[in-house]
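Everything below concerns the one structure shown next.
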Ligand code: 5AD
């Protein structure tokens with residue numbers, strides 16, 4: 001039998017392929033027979049665990065200030081052309097108000113690593129959202145912090161945390177990030193977040209500069225070790241103000257193939273059809289869902305700031321990508337046989353780590369009382 005077929009069988013049997021086997025499998029991402037097989041299995045598993053439901057998250061990009069200088073990212077610290085903004089607590093709560101009315105029951109607070117917001121600010125914000133919308137989940141996506149900070153946010157009520165590992169290969173990590181950053185620390189953050197009882201999301205870009213199949217193989221092996229509840233995978237897209245301006249974007253087909261592989265590896269994972277996938281191709285969201293994804297994250301940021309959260313060129317944030325057009329997105333999902341749901345959409349298998357959720361005191365102050 002064909003080598004790739006044997007590897008697919010191994011994958012389906014739950015015996016994680018070895019690195020070199022993954023490489024041989026990934027080289028088949030354009031082989032129609034293999035992709036159809038993998039996709040069908042991924043869809044079967046997603047239907048088994050989630051039916052035809054698609055969970056929605058309202059994405060609030062609340063600051064594009066960042067202390068890091070990741071070479072691929074449009075809002076990296078060194079980009080002097082970026083037009084910076086940050087939202088006040090009141091502005092963020094206004095987004096939640098709007099989002100709640102529209103049917104969102106998860107708010108994802110995403111931002112650059114902006115030192116303006118102290119732990120108390122994040123705590124105050126999380127508490128305010130959880131107090132007003134006790135039926136909603138709060139997801140944080142604000143980068144690398146200390147264990148103590150993560151613990152404070154968790155005690156304040158944060159449910160989930162997204163922190164893509166970006167690449168699990170040390171040498172590749174160095175090509176994408178400055179010396180000040182470390183893959184070991186990033187991985188440590190992910191394990192700490194798990195320990196604190198967050199539903200945790202890791203992930204990586206497809207086709208980032210210097211990426212080889214063996215790096216992706218390592219990403220998949222890392223995901224099997226970490227067992228995150230969420231995985232974000234999207235194509236790399238060049239940004240004109242980065243050293244990678246002239247690189248080409250990652251492959252849509254390989255991204256879809258990987259979504260299916262991750263669905264098979266982690267059958268109950270919450271897997272978004274990402275904005276980057278929707279940005280490189282008009283029907284990216286649909287194709288992501290049809291490959292095994294089960295989450296979409298429309299943009300709930302204030303319209304006046306959307307263009308400024310400019311991670312890569314031509315990032316979509318309007319039309320079906322916009323939270324205010326939820327109905328249009330629902331229609332598009334319906335057209336492919338799926339249904340947007342208003343449920344919170346927690347991970348079916350809860351994180352087994354328990355954090356003793358004792359009451360912590362109300363925060364004093366808060367950035368809503370300082371000017372942003
Ligand atoms: N292309 C695609 N994705 C990018 N991200 C950052 N820059 C780019 C880019 N140029 C992704 C990173 C980050 C997430 C918020 O956006 O993976 O974790």
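The values are calculated or read from the model by the stated rules, or taken from the named source; none is laboratory data. On a predicted model such as this, the values are computed, not experimentally measured, just so you know. In this analysis, Cβ positions are derived from the backbone assuming ideal geometry, glycine residues included, and neighbour counts consider all displayed protein chains.
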Task: Matching residues in the stretch 239-253 - criterion: being within 11 Å of the ligand (Cβ to nearest atom) and touching a strand residue (DSSP E or B) at 6+ places or on another chain (Cβ under 9 Å) - done: 249, 250
Open item on the list: Tell me which helices (runs of 4 or more DSSP H) are completely within the stretch 124-202 and hold 2 or more residues being surrounded by 17 or more Cβ atoms within 10 Å (Cβ to Cβ), at negative phi and within 16 Å of the ligand (Cβ to nearest atom), or say none if there are none.
Closed with: 170-176, 183-195
Task: Qualifying residue in the stretch 207-226 (condition: within 18 Å of the chain's Cα centre (by Cα), more than 25 Å from residue 175 (Cα to Cα) and touching a residue at least 12 places away in the same chain (Cβ under 8 Å)) - done: no
- [ ] Mind checking which strands (runs of 3 or more DSSP E) fall wholly inside the stretch 47-111 and carry at least 3 residues that are away from the ligand (no atom under 16 Å from the Cβ) and either touching a residue at least 40 places away in the same chain (Cβ under 8 Å) or crowded, with 24+ Cβ neighbours inside 10 Å (or both)?
- [x] 53-56
Open item on the list: Anything in the stretch 323-340 that is crowded, with 19+ Cβ neighbours inside 10 Å and not in a helix (DSSP H, G or I)? List them, or say none.
Closed with: 338, 340
Task: Yes/no for residue 15 being in a loop (DSSP other than H, G, I, E, B) and away from the ligand (no atom under 16 Å from the Cβ) - done: yes
Open item on the list: It is to be established whether one or more residues within the stretch 206-215 are within 16 Å of the ligand (Cβ to nearest atom) and in a helix (DSSP H, G or I).
Closed with: yes
Task: Search result, residues across the stretch 216-242 that are touching a helix residue (DSSP H, G or I) at 6+ places or on another chain (Cβ under 8 Å) and in a strand (DSSP E or B) - done: 231, 233, 234, 235
Open item on the list: I want to confirm something. Restricting to the stretch 267-282 and keeping residues that are away from the ligand (no atom under 16 Å from the Cβ) and surrounded by fewer than 21 Cβ atoms within 10 Å (Cβ to Cβ), which single residue is farthest from residue 221 (Cα to Cα)?
Closed with: 282
TODO: State whether the residues of the stretch 345-355 include one that is surrounded by 14 or more Cβ atoms within 10 Å (Cβ to Cβ), modelled with pLDDT of 95 or more, on the phi > 0 side of the Ramachandran plot and assigned to a loop (DSSP other than H, G, I, E, B).
DONE: yes
